[in-house]
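First up is the structure itself, then whatever we jot down about it.
The values are calculated or read from the model by the stated rules, or taken from the named source; none is laboratory data. Computed from a predicted model, the values in this text were never measured in an experiment. Because the Cβ atoms are built from the backbone with ideal geometry, glycine has one as well, and the counts that use them run over all protein chains shown.
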Amino acid sequence: MRLLAIETSCDETSAAVVEKLDSNVLLHSNITASSANMHAQTGGIIPENAAREQLRAILPVITEALLKSEKITVKDQNEAFALSNKIIAEKIDSIAVTVGPGLIGSLLVGVETAKTLSFIHNKPLYQINHLLGHIYANFLVENETDNKRIEFPFIGLIISGGHTDLLFFKSHTEYKWLGGTRDDAAGEALDKIGRMLDISYPAGQEIEKRALVATDKNLSFQSPLIHDHSYDFSFSGLKTEVMRYVKKTTLNPDTIKSICYATQNAAMKVVVKKTLQALNEFDTHTLLVGGGVAANNYLRESLSHEAMKQKMNLKLFIPPAYLCADNAAMIGARAASSEQALYWESAKALPELYF
Ligand code: KG4
Ligand code: ZN
């Protein structure tokens, strides 16, 4: 089964063509346009601006993904549109789209486009939860010969700019939400702390880079809810603690690096602790991580290091960085593992969708 997938939940416009294999999902193309540079100028996302950029990008991005999946290059945009319609008609079996959670204006652009394509071409439509998509990015392979053996049950950790959640998966259809953030998501806290340090949005990657070269490693902040045995997270307290520290500190490149180091440590420590707790409780060694913050190498190393300390034979899956951030391939991957596509009439944008 070959799918055209569309993702427009926030500030990325993405389209992908994927194909269901026995236990993996083959990636044929994945094209993403981002309006993050525009949001860097306002220090965060203004939803109306994001939606307007989605409208601008959606058709060119879908066209490019379809042409790339067939390895076709054309110069003329009209020819490109005509050819992509032909590709949908002849090569695509189903369409998948993110229905939520996300920004309503952004979601509507993807959902209405997917519904229109589904209606015109008479193709089934998979309505996908963006958060599950982040976990399913781990099923994607770039070559047919790659064989990732992901076995159930597994724990899923979603760690992004909007979410920090732990889930237990018994199968593709049976999964349970264990807990999540009570306030800011991990990435959101990093982005807000970045703003205090004059690091442009989104700040996660820059914080990681600066933490890596920090020379003064004596500073530490508290890891919120680290002694609480639930799977809840809270990162707004960390933000307040850093803000208080920043107010009484002279910021210079060295103090900024040590604040980045302490912030990253505090945030990741609690994530690692609760994730290993979940693996132990549900008696599995398989962990699938997804979301923009999953690109963080310190998180990857800490998970492996802590698992080793606990003598756990951790099977850790984290997608390459370009599949950690928002992308349509992950939406296609989740759709390829889903039970049934629905008819386009029932599709609607669900900004508050959860599990
Ligand atoms: O998944 P994503 O692209 O969008 C959401 O669905 O939220 O995640 C974006 C988040 C931002 O908060 C960004 O600062 C963070 O991912 N991020 C990182 C890194 N790269 C991106 N956080 C920590 N370390 C990184 N290397
Ligand atoms: Zn996301």
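Within the bounds of the range 142-149, is there any residue that is β-branched (V, I, T) and either closer than 18 Å to A294 by Cα or in contact with a helix residue (DSSP H, G or I) (Cβ under 9 Å, 6 or more places away or on another chain) (or both)? No, that holds for no residue. With respect to I155, is the statement that it is away from ligand 2 (no atom under 16 Å from the Cβ), crowded, with 24+ Cβ neighbours inside 10 Å and either among the hydroxyl-bearing types (S, T, Y) or more than 25 Å from L4 (Cβ to Cβ) (or both) true? When the stated conditions are applied, I155 passes them. Of all residues in the range 296-321, those satisfying the criterion of being within 15 Å of the chain's Cα centre (by Cα) and under 21 Å from R149 (Cα atoms) are F317, I318, P319, P320, A321. Within the option set A336, A294, A329, A325, being farther than 25 Å from Q205 by Cβ and surrounded by 23 or more Cβ atoms within 10 Å (Cβ to Cβ) holds for one residue only, A336. Looking at A278, is it in contact with a helix residue (DSSP H, G or I) (Cβ under 6 Å, 6 or more places away or on another chain) and either under 30 Å from F154 (Cα atoms) or of a type in the set (A, V, I, L, M) (or both)? For A278, the condition - in contact with a helix residue (DSSP H, G or I) (Cβ under 6 Å, 6 or more places away or on another chain) and either under 30 Å from F154 (Cα atoms) or of a type in the set (A, V, I, L, M) (or both) - is not met.
Among the residues that make up the range 124-142, is at least one of them surrounded by fewer than 21 Cβ atoms within 10 Å (Cβ to Cβ) and farther than 24 Å from L55 by Cα? The answer is yes; a qualifying residue exists. Residues in the range 326-355 that are out of contact with any Asp or Glu (no Cβ under 6 Å at 6 or more places or on another chain), among the acidic types (D, E) and in a loop (DSSP other than H, G, I, E, B): 2 in all. Residues that are assigned to a loop (DSSP other than H, G, I, E, B) and on the phi > 0 side of the Ramachandran plot occur at least once in the range 214-225. For the range 282-300, what are the residues that are within 16 Å of ligand 1 (Cβ to nearest atom) and within 22 Å of Y231 (Cβ to Cβ)? Correct list: L288, V289, G290, G291, G292, V293, A294, N296, Y298, L299, R300. Among the residues of the range 248-266, are any at pLDDT 95 or above, acidic (D, E) and surrounded by fewer than 18 Cβ atoms within 10 Å (Cβ to Cβ)? Scanning the range 248-266 turns up at least one residue that is at pLDDT 95 or above, acidic (D, E) and surrounded by fewer than 18 Cβ atoms within 10 Å (Cβ to Cβ). In this structure, is L125 more than 12 Å from ligand 2 (Cβ to nearest atom) and under 18 Å from the mean Cα position of the chain (by Cα)? Criteria not met by L125.
When T116 is tested against (1) in contact with a Pro (Cβ under 9 Å, 6 or more places away or on another chain); (2) hydroxyl-bearing (S, T, Y); (3) more than 16 Å from ligand 1 (Cβ to nearest atom), exactly one condition is not met: (1).
In the range 160-172, the residues that are within 18 Å of P319 (Cα to Cα) and charged (D, E, K, R) reach residues that are within 10 Å of ligand 1 (Cβ to nearest atom) and assigned to a strand (DSSP E or B) with C-beta atoms within less than 9 angstrom, at least six apart or across chains, in these pairs: D165/I158; D165/I159. Annotation: F154 fulfils all but one of (1) under 21 Å from the mean Cα position of the chain (by Cα); (2) on the phi > 0 side of the Ramachandran plot; the unmet one is (2). Scanning the range 213-241 for residues that are of a type outside the set (F, W, Y) and closer than 12 Å to N265 by Cβ gives A214, K217, N218, L219, S220, Q222, S223, I226, L238.
Scan the range 200-225 for residues that are closer than 17 Å to A189 by Cα and under 24 Å from the mean Cα position of the chain (by Cα) and the total you get is 15. Selection of first residues in the range 139-158 that are in a loop (DSSP other than H, G, I, E, B) and of second residues that are hydroxyl-bearing (S, T, Y) and modelled with pLDDT under 95, restricted to Cβ pairs under 9 Å at least 6 apart or on distinct chains, gives the following pairs, ordered by first then second residue: N147/S23; K148/S23; R149/S23; I150/S23. In the range 300-322, of all residues being within 16 Å of ligand 2 (Cβ to nearest atom) and modelled with pLDDT of 95 or more, the one that is surrounded by the most Cβ atoms within 10 Å (Cβ to Cβ) corresponds to P319.
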